[in-house]
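For reference, the structure discussed in these notes is given below.
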């Protein structure tokens, strides 16, 4: 059987959560479905798996930021809720890149773009972005590219 699209996987997970009466999971999955649907309506087009990954990646970043803000404010119960939502969303993301894979991709992108220093960072990031979407935190990627170009 062919691998189903991310949207189909989300829909299937929603049905399973409904059957199992898993309210927290259901709310998070429906939120993800709604975010995808909203973009499809706004842009009047069907989203590809890559587009869906970008939506989920953005949702993860929002939750990561919110969790750290809640931690700083001493609201651990809210931070835990954000982390629980992150865990559910992460189930639909591709396997994260290892440190070695990431370093290799950065070296390849630097040589492919002919980057020689910090002014070329944008070129390198644009080369890497399609290859790493959903597989690495973009903030971490940016730091590592900066370090590679400076070093």
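Derivation of every value follows stated rules applied to the coordinates shown; laboratory data play no part. This one's a predicted model, so the numbers in the text were calculated from it and none came from an experiment. Backbone-built Cβ (ideal geometry, glycine too); neighbour counts: all protein chains shown.
Here are a few things to note about the model shown:
- Alpha carbon convex hull of the stretch 99-150, volume per residue in cubic angstrom: 64 Å³
- On Cα atoms only, tilt of 99-113 relative to the major axis of the chain in degrees: 50 degrees
- Taking 1.306 mPa s as the viscosity and 10 °C as the temperature, the Stokes-Einstein diffusion coefficient of the stretch 6-90 based on its alpha-carbon Kirkwood radius rounds to 117 µm²/s.
- Angle between the chain longest axis and helix 76-90 axis [Cα atoms, degrees, rounded to 10]: 80 degrees
- For the chain, the percent of C-alpha pairs falling in each 10 Å distance bin, counted from 0 to the bin holding the largest distance, reads 10, 32, 31, 21, 5, 0.
- Modelled label reach - residue 62, point 7 Å along Cα→Cβ, the stretch 1-44 residues with backbone N closer than 14 Å: 28-40
- Mean Cα-pair separation over length for the chain, i.e. relative contact order, pairs under 8 Å, 6 or more apart, %: 21 percent
- Degrees separating the helix 121-132 axis from the principal Cα axis of the chain, which is the longest one: 40 degrees
- With Cα atoms defining each centre, the stretch 64-109 and the stretch 24-41 are spaced 19 Å apart in the structure.
- Taking label positions 7 Å along the Cα-Cβ direction at both residue 142 and residue 15, the computed distance is 4.0 nm, reported to one decimal.
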